Amino acid sequence: MKFKEYRLVSGKLQLQPPTRATPKIDKVKINTWFDIEDAGASEIERLLSPLNLHPLMLSRCLDKVNTPGVISYGKAVLMEYPVAIDLEAAEPAYLTIILQSPLLITVRHSRIPALTDLLQNLSSAPASELAHLVQVVYLILDELTDLSVQRQTEVRDRISAMSVAMTRNDRAVVESDITSLQWQVDRLVSLIENQLYCVTGLNASDNELLQEKHRKAYLQDLVSEVEIAMRGANRLEARIKSLYDSYQMAGSARVDKRLRILTIISAITLPFALIAGLLGMNVGGLPWTKEPYGFIVVICLMVLIAAAELWYFWKKGWFE
C-alpha cells in the first residue's frame, strides 16, 4: 500500500514526511487528507477500522465491485465516484472518498493522474484560501468533472473531424470507426450520469459538515457543472447518430449508383441479345447471311443502338 499524508494548515495543504508505518487515523486532530494507492482489501480494512464506520460503508470500501453513489451515516460520508480516464476500458476508474472530520481519505482503485496533478498543485502553491475539507472535496470532484468535460471535447472533435472527412470523401470513414465512437459516447454518457447521481446525493446529504451555507454553495455549483456536462454528453449522442445516418445515406447512395449503372448496362445489352438470338436461329431466309458485309452491318447497327441508348440515358440524367 502507498499513501501520502497532507495536512491543511493556514489555508495550505502540506505534504508530511513519508513513513512506512500505517498511520493511526483515529489519533489525528488536524484537518488531514490521506491519499491511498495500490491497497489490498485487508490493508484498507486495517486502516479504516479505527474510524468505526458503518458496516455498509466498510463493505463498500472493501468490495471489488464499485457502485457509484453516496452513503451518509453519522459523522461520516462515503462516495464512490467514477472517473473518465479511458473511455475504451471495460470498466471506468473509481475514486472512493471518505469524509469524517478531521479526516479526508481517498482510495484510488486505479491510476488517476488528474488527482496526482491536483495534489501537486495544492501542496506546491503559495498559501491559498483552503479553509476546510469540504472545499478540498469540492476541488477533487471539480477536477474529475473537468476531466469528463475534456474527454467529451475530445470525442466531439473526433466526431467533427470524421464528419468533415466523410463530406470530402464518403469512403474515408468505415463503419468500425463510427461504432468505436458510439461506444465511447455511450460510456461517457453513462459515466457522467453516475457522476451527477453522486454529486446530487452529496448535495442532498444531511451530514453536518455539508450543511453550512457557504459549503453548500460549493456543492450546488458542482451539481450545476455536472448537469452542464450531462447536456453536452446528450448532444454528443445526437451528433454521433447524425454521423451514422450520414454514413448510411452515403452507403445507400453508392449502392443506388451501382444499381443504376448495372441497369444501364442491362438496358444497352438487351437489344444485342435480341439481335444475336434472331440471327443465330438455324432457319432459312435470315437477312445478310449471304452478304459479304453482313457482319459489319450488324455490328454497326449494334453500335448505333448503344449510342442512341447512352444519349437517351444521359439526357434523362441517369449518369448524375
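A few comments on the model shown:
- Checked against the criterion of being within 18 Å of the chain's Cα centre (by Cα) and under 17 Å from THR96 (Cα atoms), the candidates ILE140, ILE192, ILE178 yield just one match: ILE192.
- The residues in the range 284-320 that are among the aromatic types (Phe, Trp, Tyr) and surrounded by fewer than 11 Cβ atoms within 10 Å (Cβ to Cβ) can be counted, and the count is 2.
- Conditions (1) modelled with pLDDT under 90; (2) among the hydrophobic types (A, V, I, L, M, F, W, C); (3) assigned to a helix (DSSP H, G or I); (4) surrounded by 11 or more Cβ atoms within 10 Å (Cβ to Cβ): number failed by VAL255: (4)
- Tally, over the range 44-90, of residues that are of a type in the set (D, E, K, R) and in contact with a strand residue (DSSP E or B) (Cβ under 9 Å, 6 or more places away or on another chain): 4
- Scanning the range 159-170 for residues that are of a type outside the set (S, T, N, Q) and without any contact (Cβ under 8 Å) to a residue 24 or more places away in the chain yields ALA161, VAL164, ALA165, ARG168.
- Among residues of the range 86-104 that are small (Gly, Ala, Ser), those with a Cβ under 7 angstrom from a residue that is surrounded by 21 or more Cβ atoms within 10 Å (Cβ to Cβ), sequence gap 6+ or separate chain, pair up as ALA93/VAL83; ALA93/ILE112.
- Candidates VAL164, VAL155, VAL173 - the one that is surrounded by fewer than 16 Cβ atoms within 10 Å (Cβ to Cβ) and either modelled with pLDDT under 90 or hydrophobic (A, V, I, L, M, F, W, C) (or both): VAL164
- Verdict on ILE140 being assigned to a helix (DSSP H, G or I) and β-branched (Val, Ile, Thr): yes
- The single condition from (1) more than 24 Å from THR67 (Cβ to Cβ); (2) assigned to a helix (DSSP H, G or I); (3) of a type in the set (D, E, K, R) that GLU129 fails is (2).
- Beta carbons closer than 6 Å, at least 6 apart along the sequence or on distinct chains, pair a first residue in the range 235-260 that is assigned by TED's automatic domain parsing to the domain that holds ASN169 and under 12 Å from MET166 (Cβ atoms) with a second that is among the small types (Gly, Ala, Ser) and surrounded by 12 or more Cβ atoms within 10 Å (Cβ to Cβ) for LEU243/SER163.
- Unmet criterion (only one of (1) out of contact with any Gly (no Cβ under 9 Å at 6 or more places or on another chain); (2) surrounded by fewer than 17 Cβ atoms within 10 Å (Cβ to Cβ)) for ILE36: (2)
- Filter result for LEU209 (assigned to a helix (DSSP H, G or I), surrounded by 11 or more Cβ atoms within 10 Å (Cβ to Cβ) and touching a strand residue (DSSP E or B) at 6+ places or on another chain (Cβ under 7 Å)): yes
- ALA229 being surrounded by 10 or more Cβ atoms within 10 Å (Cβ to Cβ), within 30 Å of GLN150 (Cβ to Cβ) and either among the hydroxyl-bearing types (Ser, Thr, Tyr) or at pLDDT 85 or above (or both): yes
The values are calculated or read from the model by the stated rules, or taken from the named source; none is laboratory data. Just so we're clear, the structure is a prediction, and the values are computed from it rather than from any experiment. Backbone-built Cβ (ideal geometry, glycine too); neighbour counts: all protein chains shown.
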